[in-house]
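Colleague: To start, I am sharing the structure in question, which I have written as structure tokens.
No value in this document is a laboratory result; all are computed from the given coordinates. Predicted model only: the values in this text are computed from it and were never measured. Note that each Cβ is placed from the backbone with ideal geometry, even for glycine, and that neighbours are counted across all protein chains shown.
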Amino acid sequence: MFSKAKDTGNSPAPTASAPAPQQSKRPSKASVPSIISTDMTVIGTLNATGDIQIDGKVEGDINTFSMTVGEKAVVNGEIRAEECVIRGHIIGSVRARKVHLAATAHVEGDILHHALAVETGAFFEGNCRHSDDPLNAELPRPQVMTNASRQQAETPRQAANQGNGAAAPAPRAAGGLLGGKPAAPTA
């Protein structure tokens, strides 16, 4: 219609198009995140190539590109992601290239990361380790002490104390007395 050449109806056969470019690891910006809402509980493993936003509860492992754990969210399992923003409660390990613990975050578990940001007020109990490839590196296995191994560890210490004639420290008496003597006044 707008071309200079007149269409004669004998248009050339379409040529083979170039192969489609391979998709990158990052999903297109137009994709909408998958959302686990506040009234939802998921039991099982979640696998996604895009973004996940968790506002509810997940009992299981999560593998995704990017995820956000909301303030009221609870995740009990391992998280693997390129990018992870945590504002809620996590019980389990986190493996991500970029980890951001917001001030409201509560994490009980190990974090293996390439980059880590922690806001003031965030709670983190566990081990934290830098890795160039956190998604494929091995996490150290925690040593679990059984009652038998705990007793074996305490027995040599008790024997050493008894052998030296060392007595247990004197308990602190009520009323500010320490070892039967009045406590020093404080200014």
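Colleague: Counting only C-alpha contacts under 8 Å and six or more residues apart, can you give the relative contact order of the range 58-133 as a whole percent?
Modeller: Worked out over the range 58-133, it gives 22 percent.
Colleague: Among 45-52, 103-110, what's the highest-first ranking by average C-beta atoms within 10 angstrom per residue?
Modeller: 103-110, 45-52
Colleague: Moving on. Is the range 35-95 best put as rounded, prolate or oblate by its Cα gyration tensor, with a ≥ b ≥ c the root eigenvalues, rounded for a/c under 1.5, and otherwise prolate when a/b is larger than b/c, oblate when not?
Modeller: It is rounded, given that a/c, with a ≥ b ≥ c, falls under 1.5.
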